[in-house]
Amino acid sequence: MPKLSFHTSNCFTRPSGAAIASDSTICVGNSVTLSGSGAINYTWNLGVTDNDPITPHTTKTYTVTGTDAFGCTNTSNITVVVDPCGTTNTMNVKLFLQGFYIGTSTMQTALMNQGVGNSVNHVDSIQVELRASENLTNIVTTSWAVLQIDGTATVNFTSLPFGYYRIVIKHRNHLETWSAEPVLITANSTYDFSTAANKAYGGNQVQVENGIWAFFTGDINQDGVVDGLDYNDWENDSNNFAGGYFSTDLNGDGIVDGLDFIFWEQNSNNFVGAVVP
């Protein structure tokens, strides 16, 4: 185990000891224990508690202050390197779309209803972004996946390093929705938005039945809010008796009509909009 000795302080006596890490290099997602020796009390920075395991997301340097029985102190630094230790090519997500939800953990076969697919298991395409956990403007990678009627989707990435990422899901007429916290993505990762509102950032989901939560619908123009601009798009297509692959078809039955308006009206009246970090 790597050790770092305390530096002397301006005191007649000083603690003699070391800062200890159970490992100096770890794979992302693994834990490390930091502890001090040779003093009586130890205070660490960055929220570390002496001798308790931590799971750092990135490489960090930790500082410990040791205090002896005479109140004399010394400090020491130790760096824990966090290595990706691999790459992943797939991630599994689960989510439901409010407009397409038809009950019993099932959604409409919207693509087939709208005349652009023939699978009885496919709902629609979703876009999946992974953003850096500590720099949310950094889109690390983006991929598309086909959402299944049971809410599952397998997302394929190219040589994505293991690590913590914010998951961002986008759909053509539902609100952009983020994972509540950074998620550890490794070779076998799954994130389920549907089990609780707070699996989405800001709890920004709607309950569609007991224990099942879904993304809000109605953001037809994808500006992050359900409002009159979306209504204008719906009204235009409805007046033209539109049918087929239209974002204004909020319930995915293949027709733009009053059943779609019901979703828009409810969410607009509740001032629903995207909630992002």
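With a cap of 14 neighbouring Cβ atoms within 10 Å, and only residues DSSP puts in a loop, list the chymotrypsin sites (Phe, Trp or Tyr not before Pro) found in segment 222-271. Present the calculation step by step, with values, prior to reporting the outcome.
Details: sites: 231, 234, 241, 245, 246, 261, 263, 264, 271; in loops: 241, 245, 246, 271.
Passing both the DSSP loop test and the Cβ count: 241, 271.
Computed extension gain for residue 266 through residue 119, at 0.36 nm per residue and net of the alpha carbon distance, reaches 49.9 nm. Computed over the chain, the alpha-carbon pair-distance distribution with 10 angstrom bins reads 7, 24, 24, 16, 12, 9, 6, 2, 0, each value a whole percent.
Compared with the direct C-alpha span, the chain from residue 276 to residue 188 gains 29.1 nm at full extension, assuming 0.36 nm per residue.
What order, most packed first, do the peptides 101-112, 135-146 have when packing is the mean number of other Cβ atoms within 10 Å of each residue?
Details: 101-112: 18.1, 135-146: 13.8.
The packing order, highest mean first, is 101-112, 135-146.
Model label sites at residue 59 and residue 37, defined 7 Å from Cα along the beta-carbon direction, differ in position by 2.6 nm.
From the alpha carbon centroid of segment 197-267 to that of segment 101-169 is 18 Å.
Grab the Cα-Cα distance for residue 154 and residue 141, subtract it from 0.36 nm times how many residues apart they are, and report the gain in nm with one decimal. Intermediate results must be reported in sequence, preceding the final value.
Working: separation 13, 0.36 × 13 = 4.68 nm, distance 1.50 nm.
Result: 3.2 nm gained on full extension.
Counting only alpha carbon atoms, the long axis of helix 258-269 and the longest principal axis of the chain meet at about 40°.
If you look for lysine pairs in the chain that are eight or more places apart or on different chains, how many of them have Cα atoms under 17 Å apart? Before the final figure, lay out the partial values.
Working: 3/60; 94/170; 94/199; 170/199.
Here the count comes out as 4.
Considering the convex hull of the alpha carbon atoms of segment 152-261, report its projected area averaged over all viewing directions, in nm², one decimal. Intermediate values should be presented prior to the final figure.
Values: hull surface 32.7 nm².
Seen from a random direction, the Cα hull of segment 152-261 projects 8.2 nm² on average.
Which angle between 0 and 90 degrees, to the nearest 10, do you get for helix 228-239 versus the longest principal axis of the chain when only C-alpha atoms count? Between helix and principal axis, roughly 30 degrees. Among 125, 37, 179, the largest mean-square fluctuation in a Gaussian network model of the chain (Cα springs under 10 Å) belongs to 37.
Quick note: the coordinates plus some simple rules give every number you see, no bench work behind them. This is a predicted model, so every value here is computed, not measured. Positions of Cβ are generated from backbone atoms using ideal geometry, with glycine treated the same way; all protein chains shown enter the neighbour counts.
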